[in-house]
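A short write-up of the structure that comes next.
The values are calculated or read from the model by the stated rules, or taken from the named source; none is laboratory data. Predicted, not measured: the structure shown is a model, and the values here were computed from it. Neighbour counts run over all protein chains shown; Cβ positions are idealised from the backbone, glycine included. Note: areas computed on protein heavy atoms with side chains; ligands, DNA, RNA excluded. Shrake-Rupley method; radii C 1.70, N 1.55, O 1.52, S 1.80 Å.
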Amino acid sequence: MARHRPARAPPRRASRRHLRHRTRHIRLEQAGDFMALAVELDGRLIGDVSLHLREVDPRGRRAEIGWIIGTEWAGRGYATEAARAMLQFAFDTLEARYVTAVMDRDNERSHLLARRLGFLDIAEAGGERTLLLSGEQFRRSSQRRSPV
C-alpha cells in the first residue's frame, strides 16, 4: 500500500517473509481478494505492487492499489512502472471502473506518484488521503503518453 514508511527499514529477512505472504494471493474474484506482485531489478527484490478488490458489481467494480519500493531505489521510476502495469491490469483485465489509492497524509512521494498517474484527491481524514482514478481517466492519460 502507498503508506508512509518509517525512516528505518525493517530487516531484510522480515521484508522477504512479508512479501512471500503477500504474493501467495493470486486471484481477484470476490470482494476482499488481494494480489501482490514482486518488483525486481536484476533479480533483486526492490518492492511490491498490490491490488485489493473492493467492489465486484460490474457497474461500480473498484480496486485499491498500493506500492512499496525500498528507499534505496526510490525516485528512479520503478514504482511508476509497476503501478502503471497494475493499473493496466485493473482496468483491462479485471474491468474495474475505478481504482483508489489510500496513503498516509505525510507520504508526499506516493501522493505525487498517484497524481502523475492521473489520480484525483477525493478525501482526507484521520491522517490519510484517498485518491481516485477512473478507467476513462487512465486511458486518456495513457494515450497522451503514447508516441504518435
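For the range 120-140, enumerate the residues that are charged (D, E, K, R) and either assigned to a strand (DSSP E or B) or more than 21 Å from GLU95 (Cβ to Cβ) (or both). If the condition is that a residue be charged (D, E, K, R) and either assigned to a strand (DSSP E or B) or more than 21 Å from GLU95 (Cβ to Cβ) (or both), then ASP121, GLU124, GLU128, ARG129 are the ones that fit.
Counting only strands (runs of 3 or more DSSP E) that sit wholly inside the range 20-103, those with at least 3 residues that are under 10 Å from the mean Cα position of the chain (by Cα) are 44-55, 62-69. Beta carbons closer than 7 Å, at least 6 apart along the sequence or on distinct chains, pair a first residue in the range 107-119 that is assigned to a loop (DSSP other than H, G, I, E, B) with a second that is among the polar types (S, T, N, Q) and surrounded by 15 or more Cβ atoms within 10 Å (Cβ to Cβ) for GLY118/GLN137; GLY118/SER141. Return the residue satisfying two criteria in turn: it lies in the range 42-67 and is aliphatic (A, V, I, L, M) and either exposed (fewer than 13 other Cβ atoms within 10 Å of the Cβ) or out of contact with any helix residue (DSSP H, G or I) (no Cβ under 8 Å at 6 or more places or on another chain) (or both), and of such residues it is farthest from LEU113 (Cα to Cα). Checking each candidate, the answer is VAL56. The condition (being open to solvent by 80 Å² or more (accessible area, probe 1.4 Å) and in contact with a Phe, Trp or Tyr (Cβ under 9 Å, 6 or more places away or on another chain)) is satisfied by just one residue among ARG97, ARG105: ARG97. Total residues in the range 113-131 satisfying the condition of being among the aliphatic types (A, V, I, L, M) and under 13 Å from the mean Cα position of the chain (by Cα): the figure is 4.
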